[in-house]
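Structure record follows, encoded as structure tokens.
The values are calculated or read from the model by the stated rules, or taken from the named source; none is laboratory data. The structure presented is a predicted model; accordingly, all values stated were derived computationally and were not measured. Positions of Cβ are backbone-derived with ideal geometry, glycine not excepted, and every protein chain shown enters the neighbour counts. Each accessible area value is taken on the protein alone, full model and side chains, heavy atoms only, with ligands, DNA and RNA left out. Shrake-Rupley method; radii C 1.70, N 1.55, O 1.52, S 1.80 Å.
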Amino acid sequence: MIDQVEQGDVKWSGSCMCGKVEYVVRAPERGSGICHCQNCCKFSGSDYYRFLSVDPKTFEFVKGADEVGKYSSEGGDGMYRYWCKTCGTYLSCIGKKYDWCSLPVQNIHGYAGTPAATFHCFVSSKVPWTEINDELTQFQKFPE
């Protein structure tokens, strides 16, 4: 699914709920944020989506790649979303237009040790009952 994964030490690893799919990231994260776009909210089943951003060339499914489903909306937001076909766990989102991959922090092993979010994106799309009560930078769309 991911072309030419760069080799190196594993920085992050994660898995789905049933354990059939596992992944690794072989480089430090690029950042961490909170997305409020409708697609991320629908796919994650939440009012917002907390993610860790990594270089897609350093992301690799190391177990159960044949158990991974892939979705991209027709003419949609330019993202490929991946999930476990067995348990439905949302595994990652890789941008077609952008050179990045986002991982739901809750699927990362030892996620309590992931960096704190530094920004909110797509705040123009957030659901009305969600209040942002922190001092993080807010972007109307995705930061360039």
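List of remarks:
- Yes/no for C84 being of a type outside the set (G, A, S), under 15 Å from the mean Cα position of the chain (by Cα), closer than 18 Å to R30 by Cβ and surrounded by 20 or more Cβ atoms within 10 Å (Cβ to Cβ): no
- Taking every residue in the stretch 109-133 that is modelled with pLDDT of 90 or more and pairing it with any residue that is of a type in the set (D, E, K, R) and not in a loop (DSSP other than H, G, I, E, B), at least 6 positions away or on another chain, the pairs with Cβ-Cβ distances below 8 Å are A117/R50.
- Any chance V68 is surrounded by 13 or more Cβ atoms within 10 Å (Cβ to Cβ), among the β-branched types (V, I, T), within 18 Å of S15 (Cα to Cα) and touching a residue at least 12 places away in the same chain (Cβ under 8 Å): yes
- Taken together, S44, S102 contain a single residue that is crowded, with 19+ Cβ neighbours inside 10 Å, under 21 Å from Q138 (Cα atoms) and not acidic (D, E), which is S102.
- Lone unmet requirement of (1) over 14 Å from the mean Cα position of the chain (by Cα); (2) in contact (Cβ under 8 Å) with a residue 40 or more places away in the chain for L103: (1)
- Residues being modelled with pLDDT of 95 or more, of a type in the set (A, V, I, L, M) and at negative phi are represented in the stretch 54-63 by at least one member.
- Within the stretch 107-122, the set of residues being on the phi < 0 side of the Ramachandran plot and surrounded by fewer than 16 Cβ atoms within 10 Å (Cβ to Cβ) comprises H109, Y111, A112, G113, P115, A116, T118.
- Residue check, K141 open to solvent by 60 Å² or more (accessible area, probe 1.4 Å), basic (K, R) and modelled with pLDDT of 90 or more: no
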